[in-house]
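A.B. asks: Sharing a structure with you now.
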Amino acid sequence: MKKNIKLIVIPVFFLFFVPNSFGQRRETQPVEFKKISDRLFEILGGRGAQGGVYVGDNGVLVIDAKMDEKSVDQVIEGVRQITDKPIKYLVNTHSDGDHVMGNQYFPENVIFIAHENCRKEFFHPRRDGTPSEWNKPELSPFVPSLVFRDKMDVYPGPKKVELWYFGVGHTTGDIVIYFPEEKTAFVGDQIFLTRPQLIHSYKGGNSFEHVKTLTKMLQTIDAEKFCSGHSEMTDRQVIRNQIDQMKKRQEKVKALIEEKRSIEEIKSEFEETEARLIETIYDEIKKR
């Protein structure tokens, strides 16, 4: 499988950035296109989350939008290097800024697609309660204009791209973009491999629903490869392991609550990096 993967490095003027998705500004790597098939590529590097590109006979579909104009320019230039087809669709996997802020730097004739809950979350206040930038009228053309509820098929050519909504998890609006021919799914932030899973409670995310959502995904689509916003490509077994790990955390937190432990005592039973997720699980159990 590794022999079929190719990296296409897009030349840029700023060559020193290490992508970091959790707010730490470091120097940035240039955008790279990692080949999955002749039509499908993973987008790495730049400022913002990892995404993807699918080249159809009638146009190009982009998955997620980076964060700034320079990174988007690199994505657009990278598309030009692999096809003369125009960018026709941009699909946002969910509403986090590192996936959607770059929408505004794509051409206005691009069709922006997302789940209906994701579109609502564009206008949701930030974590600190401040208003969303997407309430500004000048950004209106770059908010998703085409939304769906459960499933939608998109045809950039004769072969379909499947958009699936399996339920609440990281937020209320996360979707899966599935390419049946490549047996490859793009899942946004529904999987993290290098840190504990993020659950955005302020956007309606829920760890218990997240378990159900990932389970339903594995039951519904026969993908063999999964591309996420902040981790390397992975497989079904790794996702099963993620589900099991989340369940174990939840069971342990529940048992400690039943022992009348405080939240600080409960967090001390886990790794320091898990504190935020443990607080989320704790709050969810207490509200039941």
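A.B. asks: Looking only at segment 45-79, which residues are of a type in the set (Phe, Trp, Tyr) and under 15 Å from Gly102 (Cα atoms)?
C.D. replies: Result: no residue meets the conditions.
A.B. asks: Next up: Do any residues in segment 20-41 that are within 21 Å of Gly78 (Cα to Cα) and assigned to a strand (DSSP E or B) have Cβ atoms under 6 Å from those of residues that are modelled with pLDDT of 95 or more and acidic (Asp, Glu), where the two are at least six apart or on different chains, and which pairs are they?
C.D. replies: Listed by first residue and then by second, the contacts come to Lys34/Glu42; Leu40/Glu182.
A.B. asks: While we're looking at this one, here's another question. Working carefully through the options Glu133, Glu138, Glu209, Glu162, find the one that is more than 24 Å from Asn103 (Cβ to Cβ), charged (D, E, K, R) and surrounded by fewer than 19 Cβ atoms within 10 Å (Cβ to Cβ).
C.D. replies: Result of the check over Glu133, Glu138, Glu209, Glu162: Glu209.
A.B. asks: Criterion first (under 30 Å from Glu181 (Cβ atoms), in the same structural domain as Asp128 (by TED's automatic domain parsing) and of a type outside the set (Gly, Ala, Ser)) does Lys225 satisfy it?
C.D. replies: So Lys225 fits the description; yes.
A.B. asks: Between Phe148, Phe186, which is within 14 Å of the chain's Cα centre (by Cα) and in the same structural domain as Arg126 (by TED's automatic domain parsing)?
C.D. replies: Phe186
A.B. asks: Name every residue in segment 227-259 that is among the polar types (S, T, N, Q) and either farther than 20 Å from Lys212 by Cβ or in a helix (DSSP H, G or I) (or both), in order of residue number. Explain how you work it out, then say what you get.
C.D. replies: Here is the first cut: in segment 227-259, the ones among the polar types (S, T, N, Q) are 228, 231, 234, 237, 241-242, 245, 250.
Those that are among the polar types (S, T, N, Q) and either farther than 20 Å from Lys212 by Cβ or in a helix (DSSP H, G or I) (or both): Ser231, Gln237, Asn241, Gln242, Gln245, Gln250.
A.B. asks: Could you tell me which residue of segment 57-96 is nearest to Gln190 (Cα to Cα), considering only residues that are under 13 Å from the mean Cα position of the chain (by Cα) and either of a type in the set (S, T, N, Q) or part of a helix (DSSP H, G or I) (or both)?
C.D. replies: Within segment 57-96, the match that is nearest to Gln190 (Cα to Cα) is Thr93.
A.B. asks: Residue check: is Gln197 at pLDDT 95 or above, out of contact with any Asp or Glu (no Cβ under 7 Å at 6 or more places or on another chain), among the polar types (S, T, N, Q) and buried (at least 23 other Cβ atoms within 10 Å of the Cβ)?
C.D. replies: When the stated conditions are applied, Gln197 passes them.
A.B. asks: Is segment 48-56 home to any residue that is in a helix (DSSP H, G or I), crowded, with 24+ Cβ neighbours inside 10 Å, modelled with pLDDT of 95 or more and in contact with a Lys or Arg (Cβ under 7 Å, 6 or more places away or on another chain)?
C.D. replies: No - not one qualifying residue is present in segment 48-56.
A.B. asks: What is the one condition in (1) closer than 24 Å to Val176 by Cβ; (2) touching a Leu at 6+ places or on another chain (Cβ under 9 Å); (3) assigned to a helix (DSSP H, G or I) that His99 does not satisfy?
C.D. replies: Here His99 clears every test but (2).
A.B. asks: State all residues of segment 64-108 that are β-branched (Val, Ile, Thr) and surrounded by fewer than 20 Cβ atoms within 10 Å (Cβ to Cβ); if no residue qualifies, say none.
C.D. replies: Answer for segment 64-108, where residues must be β-branched (Val, Ile, Thr) and surrounded by fewer than 20 Cβ atoms within 10 Å (Cβ to Cβ): Ile76, Ile82, Thr83.
The values are calculated or read from the model by the stated rules, or taken from the named source; none is laboratory data. Being a predicted model, the structure only gives us computed values, none of them experimental. Glycine gets a Cβ as well: all are built from the backbone with ideal geometry, and neighbour counts include every protein chain shown.
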